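Below is one structure, written out as structure tokens; the observations come after it.
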Amino acid sequence: MDRISKLCSYLPKCNTFADVACDHGYIAEYMLKNGLCKSAVVSDISEKCLKKAETLLEKYISAGECRAVCCDGLKLIDRETDCIMIAGIGGEEIIKILNEGFIPNAFIFQPMKNANSLREYLLKNDCFIETDDIFSDGKKYYFIIKGKKGKAQKYTEEQLLYGKDSLKNRVFYDYLKEELVKKKNYLLSEMTDESRISLTQQIKKMEEVIKGETDGSI
Ligand SMILES: C[S@@+](CC[C@H](N)C(=O)[O-])C[C@H]1O[C@@H](n2cnc3c(N)ncnc32)[C@H](O)[C@@H]1O
């Protein structure tokens, strides 16, 4: 399944929806086309990117069911919006957007990297994480974090690193084994002693998690 279709499969039915950092606008189109929301807002920091969404969603914009806004993060997004998706940008960038804006009532995030930092941030900021998984489109792997404002759960170190549902998902172990090979190859290259120690620790942790799959301790 391609990345956008997989992302759409996590979308809930709601009244108001916002696709922040929308670029093409496919996600809001899916919501509107399938009657999953009554109204949608698409936003992007780049006018050029937002234009793509405006073209795609023209009929919904004309009908007053969709609004396009050019802004950085959540700056022009109503904090009462039922559900907000932010996909395809880095975890640190998502954290910055939330820090400068607000924690959405319900959210779906698909960070391209640093998913662990985002998890940590969400748990520290009273978010209940419903789904914390990984999927593949056959080429790459993506972490997906779906949740809402609420009481944060306690995570183990492994759950914080990789996601509580990922650890029960076979796809995750395929990902981890590929990452392990990459890291071991990287270890052969020139690097400072400090980087080598950090990388060796990461490799050790990854091997422990992989072992946990086989002996059932994770
Ligand atoms: C790779 S695209 C992802 C598009 C879509 N969300 C997806 O998952 O396919 C990244 C988009 O994020 C936008 N973007 C990056 N930083 C942003 C920010 N701080 N606020 C709003 N949009 C941002 C970029 O302009 C670009 O259109």
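The values are calculated or read from the model by the stated rules, or taken from the named source; none is laboratory data. Computed from a prediction, not measured in an experiment: that's the story for all the values here. Note: ideal-geometry Cβ built from the backbone for every residue, glycine included; neighbour counts use all protein chains shown. Note: areas computed on protein heavy atoms with side chains; ligands, DNA, RNA excluded. Shrake-Rupley method; radii C 1.70, N 1.55, O 1.52, S 1.80 Å.
Quick check on this structure: which one of Tyr142, Tyr175 is in the same structural domain as Lys204 (by TED's automatic domain parsing) and of a type in the set (Phe, Trp, Tyr)? Even if it seems obvious, please write down each step before you answer.
Working: Tyr142 fails: in the same structural domain as Lys204 (by TED's automatic domain parsing).
Selected residue: Tyr175, the only one of Tyr142, Tyr175 that is in the same structural domain as Lys204 (by TED's automatic domain parsing) and of a type in the set (Phe, Trp, Tyr).
Segment 76-137 holds strands (runs of 3 or more DSSP E) entirely within its bounds, and those carrying 1 or more residues that are within 14 Å of the ligand (Cβ to nearest atom) and over 17 Å from Ser9 (Cβ atoms) map to 83-89, 106-111. Tell me the residue from Leu98, Leu122, Leu56, Leu74 that is out of contact with any Leu (no Cβ under 6 Å at 6 or more places or on another chain), of a type outside the set (Phe, Trp, Tyr) and closer than 21 Å to Glu157 by Cα, please. Only one candidate passes the filter, namely Leu122.
Only residues that are crowded, with 20+ Cβ neighbours inside 10 Å and over 16 Å from Ile84 (Cβ atoms) were counted in segment 27-49, giving 1. Pairs meeting the criteria (first residue in segment 130-150 and surrounded by fewer than 20 Cβ atoms within 10 Å (Cβ to Cβ), second residue among the hydroxyl-bearing types (Ser, Thr, Tyr), beta carbons under 7 Å, at least 6 apart or on different chains) are Thr131/Tyr10; Tyr141/Tyr175.
Among Lys13, Lys48, which is the only one that is more than 19 Å from the chain's Cα centre (by Cα) and charged (D, E, K, R)? Step through it out loud before you land on a result.
Values: Lys13 fails: more than 19 Å from the chain's Cα centre (by Cα).
Exactly one of Lys13, Lys48 is more than 19 Å from the chain's Cα centre (by Cα) and charged (D, E, K, R), namely Lys48.
In the set Cys83, Cys71, which member is touching a residue at least 24 places away in the same chain (Cβ under 8 Å) and more than 16 Å from the chain's Cα centre (by Cα)?
Working: Cys83 fails: more than 16 Å from the chain's Cα centre (by Cα).
Just a single option satisfies the conditions, and that option is Cys71.
If I filter segment 74-81 for residues that are open to solvent by less than 20 Å² (accessible area, probe 1.4 Å), under 29 Å from Leu160 (Cα atoms) and not aliphatic (A, V, I, L, M), do I get at least one hit? Taking every residue of segment 74-81 in turn, at least one turns out to be open to solvent by less than 20 Å² (accessible area, probe 1.4 Å), under 29 Å from Leu160 (Cα atoms) and not aliphatic (A, V, I, L, M).
Of all residues in segment 1-20, which are outside any helix (DSSP H, G or I), open to solvent by 30 Å² or more (accessible area, probe 1.4 Å) and closer than 20 Å to Lys148 by Cα? First the steps, then the outcome.
From segment 1-20, those outside any helix (DSSP H, G or I) are 1-2, 9-20; that's our starting set.
From what is left, the residues that are open to solvent by 30 Å² or more (accessible area, probe 1.4 Å) are 1-2, 9-10, 12-13, 15-16.
Correct list: Ser9, Tyr10, Pro12, Lys13, Asn15, Thr16.
Of the residues examined, Leu187 is not one that is touching a Lys or Arg at 6+ places or on another chain (Cβ under 6 Å), open to solvent by 30 Å² or more (accessible area, probe 1.4 Å) and over 24 Å from Ala21 (Cα atoms).
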